[in-house]
Every structure is written in C-alpha cells, then in structure tokens.
1. How many Å² of accessible area per residue for the chain, probe 1.4 Å?
2. Sort 196-209, 56-69 by packing, meaning the average of other beta carbons within 10 Å per residue, with the highest value first.
3. Please list, ordered by chain and number, the residues whose modelled amide H lies under 5 Å from the amide H of Tyr417; skip anything fewer than 5 residues away on the same chain.
4. Each residue of segment 475-485 in order: what ³J(HN,Hα) in whole Hz does its phi give by Karplus 6.51 cos²θ - 1.76 cosθ + 1.60, θ = phi - 60°, with x for Gly and Pro?
5. Please get the size of the charge dipole for segment 414-572, origin at its Cα centre, with Cβ charges of +1 on Lys and Arg and -1 on Asp and Glu, quoted in debye to the nearest 20.
6. Using θ = phi - 60° and the Karplus relation 6.51 cos²θ - 1.76 cosθ + 1.60, list the HN-Hα couplings for segment 112-123 in order, rounded to whole Hz, with x at every Gly or Pro.
7. Considering only the other residues whose Cβ falls under 10 Å of the Cβ of Thr155, what net charge follows from Lys and Arg at +1 and Asp and Glu at -1?
8. Determine the dipole magnitude for segment 326-476: charges of +1 sit on the beta-carbon of Lys and Arg, -1 on that of Asp and Glu, nothing else is charged, the reference point is the Cα centre, and the result goes in debye to the nearest 20.
Amino acid sequence: MIARVSLEIALRKEFDYAIPPALARQIEVGSRVQVPFGARKIMGTVTALAEESAHANLKPVLKVIGAQTLVTPKILKLARWISDYYCCAPETALKSVLPEAVRKKEEGWKKQLFVRASPPPAEFPKLPKRQQEVWNIIEERREMLLTELLELAETTAATVRKLEDRGLVEVTPEISERDPYAREHILPTQSLVLNTPQTVALDKIKAAMDDGGTGISPVALGVPPKASEGLSIRQEANALVRRDAEPEPAGRLFHQQKVFLLHGVTGSGKTEIYLQSIAHALEQGKGAIVLVPEISLTPQTVERFKARFSSGKLQTLVAVLHSHLSAGERHDEWHKIRQGRARIVIGARSAVFAPVEPLGLVIVDEEHETSYKQEEAPRYHARDVAIVRGRMENAVVVLGSATPSLESYHNAKKGKYALLELPERVDDQKMPRVRVVDMRQAAAKEKGGLIFSPQLKEAIHQRLDRQEQTILFLNRRGYSTSLQCEKCGYVANCPNCSISLTYHRIEQKLACHICGFVDKVPKVCPEPKCKNPAIRFSGTGTQRVEEALAKLFPRARVRRMDSDTMKRKDDYRKTLGEFRAGKIDILVGTQMIAKGLHFPNVTLVGIIHADSALHQPDFRAGERTFQLLTQVAGRAGRGDVEGEVFVQAFAPFHPAIQYARRHDFTGFYEQELEFREQLKYPPASRVALLTLKGRNEDKVKFSADHLRKVIESTAPGVDLMISGPAPAPLHRAEQFYRHQIMLRTRAMSKLSGALAKMVAALALPEDVTLSVDIDPVDLS
C-alpha cells in the first residue's frame, strides 16, 4: 500500500511513501505520520491511500503519531475547500485544522503516578501506625494521585512503596488530563422560560435540526428550481458564503433552510436560545460547536455553558479551546473531542475545525466580529467556514448578533439565510438611554485636555452615591497616543513602522503597538536644534483615564482591563469576579470589556472618544463604530435599574453615532447599504486584497505595478474592478514597506481560482513577498 502525504512545508504537492507491513494496520486517511524528506524527518498528514505509485523506490513512512486518526475525512474535505477558496497552499490549510499542541511528533499526554488499592489478601497483615494511616485513606478513596495522597497523609513516597511491597496497593503511571476548569465549582442551571420571539426562533431552529434534508433552498441561493443536479460541494459551498453578488448553481432542491441569522438586541436572550438548541442536538445524539470571539470568551461565558450541561440527563463534557489555555490543556481538550467524550465545544476562531462527530449544530456568536478572520495564511473567516462546514455535514448553523455584519444581514434580507428577530430585551428590561455629548462644546469651556464631560462626571458621582457600578470604555491602551514637541513639531515615531509611539506612564516607556519596539521617554525634545524641555504628551489612553479617575473620585475602587494589565492566565477571571462581587466601582477598559459581559449592577456606561475609529481609511469605519457603540452600550441596564450611556464624540452628528443612539440597526443598514452600492463595496461586490511588502520601497512599488499588469492580462474574463497599486494605510510595518492592490468582483470563486494560478506562476524579486486576502476585514 502507498500513503499519499501532505507535508508541513508549503510545496503545493503531495508525496508518495511506502507503508511498511508493521504500520499497515495503523495508517488511514487522516493519520499523522513522520516521513523522510531529503536529509530531514518531516511531519505530514495522509490524504489518500493507493495501491500503486507512478514513482519507483519509494521511501517508507517512519512513524505514526497517535492511536487514532487526527484529521477526519470531513475536516480534510473542509481544508481542501479553504485551500481552494482562500488561495493558499493545501499544506497550509491542512496545518491550520489541528492545534499546534496536537501536531507535535510525540504524543503530548501528561503521565502521573496513581495509587490504586489492590484486592486485600486473605490474611491482612499488621501494619505500623504510619502505614495503617495511609492505607485507611487509600481504602476509602480506592484510587488517587500519588502527589495528592502524600499531601493528604503528610507522608513520603517510601511509605507508599512499602505498602506496594506488601501487595496492598499498585503504583502505576497513568495519563492525567489537564482540565483548565477542574478547580472551578460551577452550579448547574436549568432551562429558562422563553418569551414569544425566543420561542418562535427556537422552534424554527429545532425544526431545521429535525429535518433530514441538506438545508438551503434554491430560492435562497438565487437559483431557479430547475437548476441542474449533481454539482460539486465547492460550487454549493461557495454559494452559501456571503455570495449575494454571485449567483451559483445550488445543485439540488433543498426544502428547509439551515442557516439562520439571529438578530437580537443586547440582552434579548440569544444565549438561552443557543443553550436550548444545543440541548436539542444532544437529544438527537449529535454534538455542537459554539464559536465566540476570543475577546468575548470570558470565564463568565464558559460558565454559562458548563453550568447548563454539567448535570441532568444530558450531562456531557464541554471542551474549551482558546489561546489562553496552556499547550497541555489545549492538547487534552482537543483529544476529549476527538475521542467523542466531549460533545460540546466552545472556543474561538480555530474551534470551527473541532472534530465533533456527528455534528448537529454550529453557533457563531457575535458573527460580525473581525477577530473571526485569520490574519495570516490561511486567511479564512471562521463564520464563512462554519457555514460551509454546516453545508458539508448537514448541520444547522446559527449566526447571532445584536449588530450583524452588513453582508450577513443583506443575505438574510435577500432570503439566503432565515432571519430570526428578537426586538426586545428579556423580562421587559428597557434599552439604556443613550446621551451623545458634543465634546467640541465641552472642550471649549475647559482649558487643557478634557477626558470627562461635566455630564459624565456628574453621572459617575450619582452611581457612586447609589452604590451602582460604571463601565468606561476607550479603545486605546497606554497613557497618551503620542509624544509631541509644540515648538518644532517633532513626534516620537517608531523607527520600524509608519506610526507614532504610545506613552506608557507606569512603565515610563514609549512603545509601538505594531512591532513591539520600546524606547526611553526623552526629558527634552530629541531634535538637536530644539531641545525644548516642554515636550508634551497628546491623546488619551486607558492609563490616563485610570489616573484621572483616581484624582476625581479618590474613594472609588477603580480597575483597568487591557492587554497591559491582563497578562497572567487568571487575571481576567479574577478581575471580572471582583467586579461581579461588587468589589470594583468603576471598570475602565478596551475592547475586552465591550462584549459578552452581564452584570446587573452596571447602570452607567461612558464611551470616551467614541468617534476615533470613524477616521480610519476603511469603508467599514462607520459600520465598526456603530457596532462597537451598540455593543458597549448594551452592557448597561441589565438589572432592575434602567441603564444610561454617555457617548462622548467630536463628530456627534455622524450617522453611525446617531443611529446607535436610537438603537436603530435597520436605519443604519439602509443608509450604509446605499453608500456601499454606489461605490461597489461589499455586500454589493466581493473584495480581494493583494499586499506586497519588502524592505526596499522602490522594489515593492515596481513589483506592485508589474502585478497590476499581470492581473489585467490574466483575468480578462472575470468581472473585475482594480484599484491601485497604492501605499497601504500602514505604509511601513516592522521595517517592511507595503503596497496594495484592491480587486472588486461579483464572482469571487472564479477570481480566486485565477489568482491561485497567477500567484503560482508569478516571478517576484526574492526580497518582495505577496499575500492574497480574500474577503478581507482589515484594509490597513
């Protein structure tokens, strides 16, 4: 037998290896193997088995990793689609479906010594007092970790070994699973009674799960009912992923929609619908995957799912996959899923590849979040991959958000997805009152930099007096955004990137948030001809907000949450636990406090510099601002007291701010869609972003000009708009100059195929690289 192996080096081809007789029973499609490649030994994945090869003198497979195949055939098919659609090497796509901790050439199980009571002899020996005390513990517990026994009995391993010599116990090395939540005591919860809109939404989701068909109606895909049958999975999958501009054949007649957009205001009870939908999947003998943005994957979020499924007739293991776990914890959690012991997976972007079989339900919470898009190859979007995986495995997919992306909402309005609406908060809670403060007027009355408007200061005072809690949001960490000399105009910039350095006061450093460069804070202007001692900091970061609060409200208990303070694994859990317990009065933070938090005592939210993101060179700037304001405002008023939100802005009449003030998503969508259609931006078209980078700017510019000519000559049959080349908004990053070409089309699957062939044949200078980003979310 021959094993066709995809290696972990991006060569865009597979290699044949002979299967030694000793390994014949162990190797299957999806097995992880070690093989010789030149003088090296390289890891790879078996993608196919064959009886013969076109090549002679094949080298043998050296080793099989694990007793079980790691890449299932369904995940292998999904990886191939990712490679095809996102224009990346198949090896790169295949590598992404397994966590790094699982890909290692040695199995990563942790083994520890366990003590187990042996069957007692017919005549029990008389034991010394110390051994008898230890034996009493073992007899009661029957089995336990040796380290736990030594701590409990306050004894040594020698005492236990003496019991082993007497034949009373066995001491053996066994796998000890690392559970990140083992020490958490989580109280079980029961299903809540749903209101009418929740019931309607859940019933529709359950009906789709009960249906045995494959899912999407031809009308939803823009395909006439008599479309020809027997078309490829790729064609059907492509038709599902944000393809309103791209009518593609559906293949078969599907009578039941299986992709839902659950559009519910903040606090409308979307999570309860998720939980009851998962329970239905478990009753059917199927598993579920819940995707949550990394930033929202708080201990509170995980606890909700573990609490619901930790007891009762549907008791099941809930596995968690995210970047804050140690490598060992990730390894063990993933294997719980692969072995079928964990039926529910909750995780960030890469959890979409979790080997749940059979898969009944995929939930993508906060589906609009940009963190679902991978920044390096393969540059997949987890939401879109979830939809394609659901289509391939006949699973229901639920996309949930209070502020859906324009693409998803447009697909729902066109009938491509089923739209489920939750227009009101649960338990008759009112939406928070949003007050927009014009900071131009407030700043004119105050000298110096103004952080808090008089209205926000007064509101904070009131909450402190009433012992209610406040959240203050500023999406900018550090103390000040730049260091500037008012005399000569000098600005402290990063030497590696085209961006100013941020001042961090506590650490007394200037830092670049792109490449990590750190510099000392100068006492005078560094310009030789200036040397002005009055060099000053401008702009505001979370450190400065925290300091200002300490001066204004000296008795308030203030805590800051950003990536500078949340460095250790348990910092996040500890801070939120203290906030929930009422030990913190004011919580200041960046995006990590914007979503997924439910604290009933929070009655005030202040948003500082709400319009800072509006001025970015990105057609989604207004959409992102609207989403962020709505999400942050949604943290207020989740208890018995009505919430209040103060939005401080220098552009208070911008449509994104005004629609967010009125909680009017539909109004925002309609005016934003009109702008997108005029300029042919998504969802009116699809975008591919080509970025060239290198240390020599002239070479990069020349290569970009050459690439445009190549595109014009190789893709004449594709509906295409070409913009650029032009310097990227972030022109220089980590010493690399960057130029971009933006492509807009209504037929992305055709374009991605043409781009893949073009990239394979393209000859660029050695020190210039090209990246292709299909459906980008970040244009910087």
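1. Numbers: 34880 Å² over 780 residues.
Ligands and nucleic acids excluded, the figure is 45 Å² per residue.
2. Working: 196-209: 17.7, 56-69: 14.4.
Sorting 196-209, 56-69 by mean packing, highest first, produces 196-209, 56-69.
3. Ala412
4. Whole-Hz 3J(HN,Hα) from phi for segment 475-485: 7, 7, 7, x, 9, 9, 7, 7, 10, 9, 9.
5. Details: 31 positive and 19 negative charges, 83 e Å.
So the magnitude is around 400 debye.
6. Each residue of segment 112-123 in turn: 9, 7, 10, 10, 10, 5, 8, x, x, x, 4, 10 Hz.
7. Details: positive: Arg130; negative: Glu133, Glu151, Glu154.
Taking every other residue near Thr155 into account, the sum is -2.
8. Details: 25 positive and 22 negative charges, 65 e Å.
Approximately 320 debye in magnitude.
The values are calculated or read from the model by the stated rules, or taken from the named source; none is laboratory data. Just so it is clear, the structure is predicted and the values come from calculations on it, not from any experiment. A quick note on method: Cβ atoms are made from the backbone with ideal geometry, for glycine too, and the neighbour counts reach across all protein chains shown. Protein only, heavy atoms only, side chains kept; ligands, DNA and RNA dropped before computing areas. Shrake-Rupley method; radii C 1.70, N 1.55, O 1.52, S 1.80 Å.
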